[in-house]
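The values are calculated or read from the model by the stated rules, or taken from the named source; none is laboratory data. Just so you know, these numbers come straight off a predicted model, no measurement behind them. All Cβ positions, even for glycine, are placed from backbone atoms using ideal geometry, and neighbour counts span all protein chains on display.
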Amino acid sequence: MLIDPDILEQTTDQASTRPGWFRRIRRRKPHGSLLNKIIIWMFGPLFLLWTIGLVITYFIAQNIANAPYDRALTDHLRMLRHEVEQQSILNGLQLSASAITIMQGDQTHFIHWEIRDANGNSLGGNGNIPLPDNWTYEHNQIRLRNETLDGRSIRVAYVWGGRDATGMPFLTVVAQSNEMRATLQQEILTGMLTPQLIVLPLAALLAGLGLTQGLEPLNLLQERMRRRRANDTSPIKADLAPAEIVPLVAAMNSLLARLAAANQAQRRFVANAAHQLKTPLAGMRTQAELALRERNPEKMDASLKQLVRGSERATRLVNQMLALARAESADTPGHRPMQDVDLNSLVENQTSAWVDAAIKKRIDLGVERAPRPALIDGDPLMLAEMLNNLIENAILYSPRGSAITVRVGGDALSAYLEVQDSGPGIPAHEQEKVFDRFYRILGSDIDGSGLGLSIVKEIADLHKAGIAFMTPTGKRGTSGTCIRISFNCIDGARRRLT
């Protein structure tokens, strides 16, 4: 594969100007395992959600455990209030036998109760139950809260608004230990969390085994790739790849196809270079040996001139082959960025470089501009190379005293570039063959390599441009060759899109 030295130098310069710490980071960038990433992104959020679920489960269990005991405590509160409403508080309180039985409960978790007046003074009961400092006189509004009595956590329920037989208002308070609630809450949590603690590790184990088995086709594909020979660029079979990996395999096959094409182009370039340079180099060696043996200055001078001409032909051939190689490798994405190119400016700049060569053959080299800018999307260097080959061929094959016209034209949708000469012309049956490499028309005595039009064809294909032979026009008749390269204009492309 041929690499553009300019791009390589630019890349090297950019890399050398970066700070040392940046290059060290790039070198030390880790390559994590796909399986590890999947496990982290799968089980990390899962364990986070599981932790959140534990907190939510705790509060749910607490509410579930409190609900029945709060209802029972509220019933006790209402019953006590009803008992007191049947009596006179100032004459002393006496509960019925059934109420005493209900309020006593068991010896461990008996019910504390107390009756207080509007000032919070105790009027009766079996415990000094704490009340909130900011309790209000809300009639028939039952309030529940947690308090501490004698170092034990209790649940307190109180309601204001009861009146005894004499109409005296009172506050009814009952309380119960929270131990039974805590026991029930622990039992609920145990019943809810035990299955999770058993199922979650099993689910993680099974998921890990499933991921390992699911990634097994990747291991098989890796082994298949590892066993391939270094020069094997055949497509990779996707029969063992999962559906998610098929696009990756397709991309790799596309890369292998481009690599195969690049290798083939490289081999073709080397073979062509060896074959085409063999003759001029042999001729140059022969002329050099003759110059060394020759004692006649005139004959020595003739040999040296032949040596110079041979070196010029070899140099021209090498430059054309390099240009052809660059055109072949330019179809790689990102090789060179396309930009706006005005064909009028391109023609003026490149044609001026061939004025001296045209004057030496007394050729009238002219330019016909388009009436307005002909903008296309292209690579300026490649387009310049293409135009130079067309002009060089025209000068090479045109007789002395003839004319060459480089013309730009088109309309709003397309633009074309023409080079018309007054040479012998190309027969119709030869017009398709002249774009083949190293092809030369039989009977031509012009010293050429047969690569000029091949380079033109490669660059035209790169720009998706059409190439055609046109009928020459002008005062000198219809003899000669007129080659037209047609492009899509930028304005035309935008107009079609809109």
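Here are a few things to note about the model shown:
- Here Arg258 passes the criteria (1) among the charged types (D, E, K, R); (2) modelled with pLDDT of 80 or more; (3) part of a loop (DSSP other than H, G, I, E, B) except the one numbered (3).
- Residue that is modelled with the lowest pLDDT, among those in the range 74-102 that are of a type in the set (Val, Ile, Thr) and touching a strand residue (DSSP E or B) at 6+ places or on another chain (Cβ under 7 Å): Ile89
- Residue ID - farthest from Gly120 (Cα to Cα), chosen from residues in the range 157-195 that are free of Cβ contacts under 8 Å to residues at least 40 places away in the same chain and either crowded, with 19+ Cβ neighbours inside 10 Å or acidic (Asp, Glu) (or both): Glu187
- Any hit, the range 159-171, residues being more than 28 Å from Ala67 (Cα to Cα) and in a helix (DSSP H, G or I): no
- Only residues that are part of a helix (DSSP H, G or I) and either without any contact (Cβ under 8 Å) to a residue 40 or more places away in the chain or surrounded by 14 or more Cβ atoms within 10 Å (Cβ to Cβ) (or both) were counted in the range 76-96, giving 12.
- Residues of the range 488-498 satisfying the condition of being assigned to a helix (DSSP H, G or I) and at pLDDT 50 or above: Ile490, Asp491
- Residue satisfying condition, being modelled with pLDDT under 85, surrounded by 12 or more Cβ atoms within 10 Å (Cβ to Cβ) and touching a Phe, Trp or Tyr at 6+ places or on another chain (Cβ under 6 Å), within set Gly105, Gly125: Gly125
- Within the range 434-463, restricting attention to residues that are modelled with pLDDT under 60 and polar (S, T, N, Q), the residue that is surrounded by the most Cβ atoms within 10 Å (Cβ to Cβ) is Ser449.
- Unmet criterion (only one of (1) at pLDDT 85 or above; (2) in a helix (DSSP H, G or I); (3) surrounded by 12 or more Cβ atoms within 10 Å (Cβ to Cβ)) for Arg71: (3)
- The listed residue being modelled with pLDDT of 85 or more and either assigned to a helix (DSSP H, G or I) or of a type in the set (Asp, Glu) (or both), out of Glu223, Glu187: Glu187
- Looking across the range 464-487, the residues that are over 21 Å from Leu396 (Cβ atoms) and at pLDDT below 85 come down to Thr471, Thr473, Lys475.
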